[in-house]
Amino acid sequence: NAGVMQNPRHLVRRRGQEARLRCSPMKGHSHVYWYRQLPEEGLKFMVYLQKENIIDESGMPKERFSAEFPKEGPSILRIQQVVRGDSAAYFCASSPNTDSRYGYTFGSGTRLTVV
Amino acid sequence: GQSLEQPSEVTAVEGAIVQINCTYQTSGFYGLSWYQQHDGGAPTFLSYNALDGLEETGRFSSFLSRSDSYGYLLLQELQMKDSASYFCAVRDSNDYKLSFGAGTTVTVRA
């Protein structure tokens, strides 16, 4: 298993376009978390999903942002009508359960640049 | 919500010992974790403390005092490859997500 796979690694979008970020969790992991990171800052929680369910979206802006984790296929973070302030690194993490002892496994992130 | 404080940066020489402190505020505590991130890459899990005391894993150790809402990560026998950002993170017992501190950049000099 190659771990948590995110694609694309880099994404450039013009203002007003849509950005789709994909995350395939580790095999056997059914819990997915999305985080956003600005340069020199920490990881800000956005959303926590299990298969076909959004468990906690308290960190995700109500407008333009959505996330899903379908029964089949990767988790998708979707940003509509992107603005320059959306430029950031978006990390996905997965875990097999809610036990924190074993930590999250993170992907390498998607660097979104809005021009 | 949760808030965490940790120093923004630390510089030390190879072979030295570095301690990164983390204080947190959370309504319900469910453990303190530490993660390492090199050059904006994938953060990697280092350690987890749910109970008071010291957990040792090789050159890295992590400590927790729940009564003081405080923990630290101890890096011993520093090596150049330890230059990275280190984040403390807490999980609130009322939800499942990890909340991260702003990170401490550790620079190891020869």
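The values are calculated or read from the model by the stated rules, or taken from the named source; none is laboratory data. Only a predicted model underlies this, so the values are computations on that prediction, with no experimental measurement involved. Please note: Cβ atoms are built from the backbone with ideal geometry, for glycine as well, and neighbour counts cover all protein chains shown. Just the protein is used for accessible areas: all its heavy atoms, side chains included, with ligands, DNA and RNA removed. Shrake-Rupley method; radii C 1.70, N 1.55, O 1.52, S 1.80 Å.
The set of residues in region B:94-104 being more than 9 Å from chain A (Cβ to nearest Cβ) and farther than 11 Å from residue B:37 by Cα consists of B:94 alone.
Return the only residue of A:22, A:15 being basic (Lys, Arg), part of a loop (DSSP other than H, G, I, E, B) and over 23 Å from residue B:2 (Cα atoms).
Numbers: A:22 fails: part of a loop (DSSP other than H, G, I, E, B).
Matching residue, one of A:22, A:15: A:15.
When the residues of region B:73-93 are filtered to those that are more than 20 Å from residue B:52 (Cα to Cα), in contact with a Ser or Thr (Cβ under 9 Å, 6 or more places away or on another chain) and polar (S, T, N, Q), the one that is farthest from the other protein chains (Cβ to nearest Cβ) is B:76. Here residue A:44 meets each of (1) part of a loop (DSSP other than H, G, I, E, B); (2) within 20 Å of residue B:34 (Cβ to Cβ); (3) not aliphatic (A, V, I, L, M) with one exception, condition (1). Every residue in region B:9-30 that is more than 14 Å from residue B:73 (Cβ to Cβ) and either aromatic (Phe, Trp, Tyr) or modelled with pLDDT under 95 (or both), please. Hits for region B:9-30 are B:25, B:26, B:27, B:28, B:29, B:30.
For beta carbons closer than 8 Å, sequence separation of 6+ or different chains, a first residue in region A:103-115 that is within 9 Å of residue B:43 (Cβ to Cβ) and a second that is crowded, with 20+ Cβ neighbours inside 10 Å and β-branched (Val, Ile, Thr), the qualifying pairs are A:106/A:4. Cβ-Cβ distances below 8 Å connect the following pairs, each with a first residue in region A:23-44 that is more than 8 Å from every other protein chain (Cβ to nearest Cβ) and over 12 Å from residue A:91 (Cβ atoms), a second residue that is among the hydrophobic types (A, V, I, L, M, F, W, C) and open to solvent by 20 Å² or more (accessible area, probe 1.4 Å), and a separation of six or more residues or different chains: A:24/A:5. The residues in region A:48-58 that are in a strand (DSSP E or B) and either open to solvent by 80 Å² or more (accessible area, probe 1.4 Å) or more than 9 Å from chain B (Cβ to nearest Cβ) (or both) can be counted, and the count is 4. Checked against (1) at pLDDT 95 or above; (2) under 24 Å from residue B:33 (Cα atoms), residue A:29 meets all criteria but (1).
Each row is one residue, and each column tells you yes or no for (1) closer than 22 Å to residue A:108 by Cα; (2) open to solvent by 50 Å² or more (accessible area, probe 1.4 Å); (3) not hydroxyl-bearing (Ser, Thr, Tyr).
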position: B:14; (1), (2), (3): no, yes, yes
position: B:23; (1), (2), (3): no, yes, no
position: B:54; (1), (2), (3): no, yes, yes
position: B:95; (1), (2), (3): no, no, yes
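When residue A:2 is tested against (1) hydrophobic (A, V, I, L, M, F, W, C); (2) in a strand (DSSP E or B); (3) surrounded by fewer than 18 Cβ atoms within 10 Å (Cβ to Cβ), only condition (2) is not met. Residues in region B:61-89 that are under 10 Å from the mean Cα position of the chain (by Cα) and more than 15 Å from residue B:9 (Cα to Cα) were compared, and the one that is most open to solvent (accessible area, probe 1.4 Å) is B:63.
Number of residues in region B:37-52 that are farther than 25 Å from residue A:34 by Cβ, within 12 Å of chain A (Cβ to nearest Cβ) and open to solvent by 50 Å² or more (accessible area, probe 1.4 Å): the value is 1.
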